[in-house]
1. Modelled label-to-label distance, VAL191 and ALA109, 7 Å Cα→beta-carbon offset: nm?
2. Suppose all protein chains stay in the model; what accessible area per residue would a 1.4 Å probe give for region 17-134, in Å²?
3. With all protein chains present, how much of the accessible area of region 170-312 (probe radius 1.4 Å) comes from carbon and sulfur, to the nearest whole percent?
4. Using per-residue counts of other Cβ atoms within 10 Å, averaged over each peptide, order 75-83, 191-199 from highest down.
5. Using the beta-carbon distance between LYS134 and GLU45 and R0 = 22 Å, what value does 1/(1 + (r/R0)^6) give for FRET efficiency, to the nearest 0.05?
6. Can you classify region 19-121 as rounded, prolate or oblate using the Cα gyration tensor, where a ≥ b ≥ c are the square roots of its eigenvalues, rounded means a/c under 1.5, and otherwise it's prolate if a/b beats b/c and oblate if not?
7. Calculate, for region 216-257, the solvent-accessible area per residue in square angstrom, rolling a 1.4 angstrom probe over the heavy atoms of the protein chains.
Amino acid sequence: MKIRLVVALIGLTISFDVPAFAQQKDTVDTQIIERLAALNQKYDEACNNGDGVAVAATFKEDAVLVNDTGPVYGREAIGKYYAELFKQVHFSDHICKSDQYSLHIIGTAGNEIWSNGEWSTTIQGQNFGPIHSKGYVSSIAVREGDVWKKRMQISNVARNYRVGLAISFAVPGFAQQKETVDPQIIEQVAVLGEKIREAWNNNGAAALAATYTEDAIVVHETGRVYGREAIGKYYADLFRQVHFSNHIGKWDQYSPHIMGMAGNEIWGNGEWSLTYQVNGGGPVQLKGYWSNIQVREGDAWKTRMEMSNVAP
């Protein structure tokens, strides 16, 4: 546990004062904003009421929930996950809110939205609490008729408020359908993945920043970094203090997923692992889970949104 706390402080989630990219707030129909706010309110109310069925109802049938113990696939499994969680932990004052730059429209039809934000809650267990906890969340929501539901949600716990929300339960996963993606896209995204791996293993901040779009957002357990320039400075400071090697990132078995109709945006989930050393100490291995959104710029793919957490 001590090692993990050290990692939280000096490893992947060091917080630096870096200038943020001047993000453009997407223009989203007021009615959509209201319905997405209602979706978050339903999720909050279900958590506060300890109602796993109501939580699951805010997700699509084939949704993916990613906590720091790994992914849960499908609405049924998500409902069982929360039902077991609510037997052990009581939540109150649960709030999810989007950051100032969300929401972001996917494609041209306006039926998919991605966003980043924060969550907070008070937790009471049989032998602990009440404890206030908070963290960060990224999600993709899609329209089903006039109703919006979550298709993907990933969360982490802010490092100064670690209480272990992501309890692992054995629940059956939904039989996901792997989407058919153009082999050329798979090859191009694999090239991007190799560039990311090499940049991490070479501790190359500029090379790593080059894999992001100019307006990209990176979400760690200490917060968000906005824009390619700020991301480059973040990693430059990190690499001066910590040496990384053996970085590996891989998709889960169902990724990637096509977004929109043009085929220029994809999202996916996966796992990462690496080895780090600080001031000659270690080496120490670390792993966790990630979700991201990648977009095509010409013939190349770049990351527009990335969120990760650290496994317990």
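The values are calculated or read from the model by the stated rules, or taken from the named source; none is laboratory data. What you see is a predicted model, and the numbers here were worked out from it, not measured in a lab. For neighbour counting, all protein chains shown are included, and Cβ atoms are generated from backbone atoms with ideal geometry for every residue, glycine included. Only protein heavy atoms, including side chains, enter the accessible area calculation; ligands, DNA and RNA are left aside. Shrake-Rupley method; radii C 1.70, N 1.55, O 1.52, S 1.80 Å.
1. 2.9
2. On the way: 5750 Å² over 118 residues.
Accessible surface, normalised per residue, equals 49 Å².
3. For region 170-312, the apolar C and S fraction of the accessible surface comes to 50 percent.
4. Numbers: 75-83: 20.9, 191-199: 16.3.
Ranking the peptides 75-83, 191-199 by packing returns 75-83, 191-199.
5. Numbers: r = 18 Å, r/R0 = 0.83.
Given R0 = 22 Å and the Cβ-Cβ separation, E is 0.75.
6. Working: a/c = 1.91, a/b = 1.69, b/c = 1.13.
Prolate.
7. Values: 1640 Å² over 42 residues.
Result: 39 Å² per residue.
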